[in-house]
Amino acid sequence: MRLFFAAALAAAAVHAEPAQLLAPAPPPPASSGASGSIDVEAATRAYLNQLPAAQRAKSDAYFEGGYWLHLWDFLWGAGVALLLLFSGWSARMRDRAERLTRFAALQTALYWLQFLAVTYLLSFPLSLYRDYFREHRYGLSNLTLAGWLGEEAKGLLVSAIFGTLAMIALYAIVRRLPRTWWIWGAGVSLLFLAIGALIAPVLIVPLFNTPKKLADQRVVAPILSLARANGIATGEVWEIDASKQTTRVSANVSGFLGTERITLNDNLLNRCSLPEIEAVMGHEMGHYVLNHVYKFIWEFGVIIVVGFALLNWLFERLRARYRFGVRDLGDVAGLPLASLILSLYFFALTPVINTIVRTAEYEADVFGLNAARKPDGFAQTALKLSEYRKLEPGRLEEMIFYDHPSGRTRIFTAMRWKAEHPETWSKKP
Ligand SMILES: [Zn+2]
C-alpha cells in the first residue's frame, strides 16, 4: 500500500559551499529558428531527433516495463491479501493482538505492526527487483544494496509510526460511526495526508536526505526574481542531495498554508544550464500560483470518499460469503480485504488519477513558459527527463499511463510558445 500523494520535501540548514559549475546552455537544434519563423512540428522533431536511438530504446523499455510492473504490483498485493485471508493468518494475527491487550486502540496497533511486517516480507522479492535491481540495470540508481536496505528500513519505521496512528483513527471511526464512517474516514484520511505534507519536510525528508539552502547566486538571483515577479513570497530556494539515491533530474514545490518551498535536486543543478533551471523553476512556480496542492486535496478527497463508499458496500458482501474469520468492517482482521478492495479501486482509476495529475502538470508547463520565457531550456530539460520517461507515446498511451506530459508533448508545447514569441529569439531589432 503506497501513499500516492506527493509528500512534501526539504528541511533546514544554511550552508556555504563552493559555487556549482553550471552546465553551458546548448544551442537549439538548427530548425528551431534563430531568425525568420518557426515551423513548430519541425522544431519539435529536431529536438526529438537529438535523443540517440539507443538511449530512446532504453527509456522506452524502462517506461513500458513500468506499465507491466504496475499490473504485477497490483496482482502481487492482491495475492498477499488473499493469502492472509484464506489461510486464516489475518484472523490469527488479530487473536494474538487481542490476547496481548484488552484496549481496542492497542489491538489495532498490534495487528497493524504484524500486518506491516508480513506484507513487507511477502512483497520483498518484488520490491527488491523493482526498486533495486531494475533501477540499477537502467542506470537510474546510485544506491548500494546496503544503502538501499537502510532506506527500506527507515521507510518501514515511518510506516510503522504513521500507519499505526492512521489505523487507530480510522478503525475508531468505523466502530463508532458504522453508517457514516466512509464520509468521516475520508475527511480524516485527507487530514492525515495534509499533516503528512506539512511535517514531511521537517521530520521525514531529513531521514533520507540533507536539504540545504541554495547559495549559488548565479542560480538563486534569477529564481528569486522569477518568484517575485509571480507574487511568490519566498526569500530562499532549496537544494537536496538526491544524487545519493538517483541519477534523475527533478525539482518540486512542497508544503502549503504558508510552508511552501521550492526545492531543486542536485542532479538538476549539476547537469542543467541556467535557462534549463529557469524553465524548470517557472514550471514549479506554476504549481504554486495555480494552487495545485489545494486542488489535489479536493480532487483526491472525492476519490477517497467514493473509494470508501465502495468499500462500505462491497466489504460486507464478500465477508458474509467467505467469512475469513472476520467479524465485521470494524474488525482489524478484515484489513487485507479492505486493502484488496481499495487497491482494486485505485488500480482501475489509474487513468483517471494520471489524467488529473498530468493535466495540472501541463498547466504548470504553460505557466512556466509564460513566466520564465525559456522555451529551449524547457525543451532541453524535457529531453533529459526522457531518460526515464518514454519520449513519444501514442495519444491513448499518454492518457492512460502518464502522470506528466510526455517529452514530445512538452517539447511541442515549448516550440508552439516559441513560435508566437519571436522577440525571445529573433535577431531583428
Ligand atoms: Zn510539476
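The values are calculated or read from the model by the stated rules, or taken from the named source; none is laboratory data. Remember, predicted model here, so these are calculated numbers, not experimental data. Cβ coordinates were reconstructed from backbone atoms using ideal geometry, including for glycine residues, and neighbour counts include every protein chain displayed.
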It is to be established whether one or more residues within the stretch 360-374 are more than 16 Å from the chain's Cα centre (by Cα) and part of a loop (DSSP other than H, G, I, E, B). yes
List pairs: first residue in the stretch 346-369 and farther than 25 Å from MET281 by Cβ and modelled with pLDDT of 95 or more, second residue within 10 Å of the ligand (Cβ to nearest atom) and not in a helix (DSSP H, G or I) anywhere in the structure, Cβ distance under 8 angstrom, at least six positions apart or on different chains. ILE353/ASP403
Of the conditions (1) in contact with a Ser or Thr (Cβ under 9 Å, 6 or more places away or on another chain); (2) surrounded by fewer than 19 Cβ atoms within 10 Å (Cβ to Cβ), PRO351 fails just one. Which one is it? (1)
Test LEU110 against the criterion of being within 28 Å of LEU310 (Cα to Cα) and in contact with a Lys or Arg (Cβ under 8 Å, 6 or more places away or on another chain), and give yes or no. yes
Filter the stretch 204-224 down to the residues that are in contact with a helix residue (DSSP H, G or I) (Cβ under 9 Å, 6 or more places away or on another chain) and part of a helix (DSSP H, G or I), then identify the one that is surrounded by the fewest Cβ atoms within 10 Å (Cβ to Cβ). ARG218
Could you list, ordered by first residue, the pairs with Cβ atoms under 6 Å in which the first is in the stretch 78-105 and surrounded by 14 or more Cβ atoms within 10 Å (Cβ to Cβ) and the second is assigned to a helix (DSSP H, G or I) and aromatic (Phe, Trp, Tyr), at least 6 apart or interchain? MET93/TYR111; ARG94/TYR111; ALA97/TYR111
For the stretch 389-429, name all the residues that are in a loop (DSSP other than H, G, I, E, B), among the hydroxyl-bearing types (Ser, Thr, Tyr) and surrounded by fewer than 20 Cβ atoms within 10 Å (Cβ to Cβ). SER426
Looking only at the stretch 158-205, count every residue that is among the aliphatic types (A, V, I, L, M) and closer than 23 Å to LEU257 by Cβ and tell me the total. 20
For the stretch 374-398, give me each residue that is more than 15 Å from the ligand (Cβ to nearest atom), in contact with a Gly (Cβ under 8 Å, 6 or more places away or on another chain) and within 14 Å of TRP425 (Cβ to Cβ). LYS374
Flag if ILE277 is more than 25 Å from ILE356 (Cβ to Cβ), aliphatic (A, V, I, L, M) and out of contact with any Asp or Glu (no Cβ under 9 Å at 6 or more places or on another chain): yes
In the stretch 284-304, which residues are modelled with pLDDT of 90 or more, farther than 16 Å from ALA229 by Cβ and either in a loop (DSSP other than H, G, I, E, B) or aliphatic (A, V, I, L, M) (or both)? ASN291, VAL302, ILE303, ILE304
Among ALA279, ALA251, ALA333, ALA364, the single one that is closer than 25 Å to ALA104 by Cβ and of a type in the set (A, V, I, L, M, F, W, C) is ALA333
Selection from the stretch 238-267 of residues that are part of a loop (DSSP other than H, G, I, E, B) and within 16 Å of the ligand (Cβ to nearest atom): ARG248, VAL249, SER250, GLY255, PHE256, GLU260
Contact list please: Cβ distance under 8 Å, first residue in the stretch 285-297 and away from the ligand (no atom under 11 Å from the Cβ), second residue at pLDDT 90 or above, pairs at least six apart or on different chains. VAL289/ASN230; VAL289/PHE367; VAL293/HIS287; LYS295/ALA360; PHE296/ILE356; PHE296/VAL357; PHE296/ALA360; ILE297/LEU190
Do any residues in the stretch 113-128 that are farther than 15 Å from ALA153 by Cα have Cβ atoms under 8 Å from those of residues that are polar (S, T, N, Q), where the two are at least six apart or on different chains, and which pairs are they? PHE115/SER90
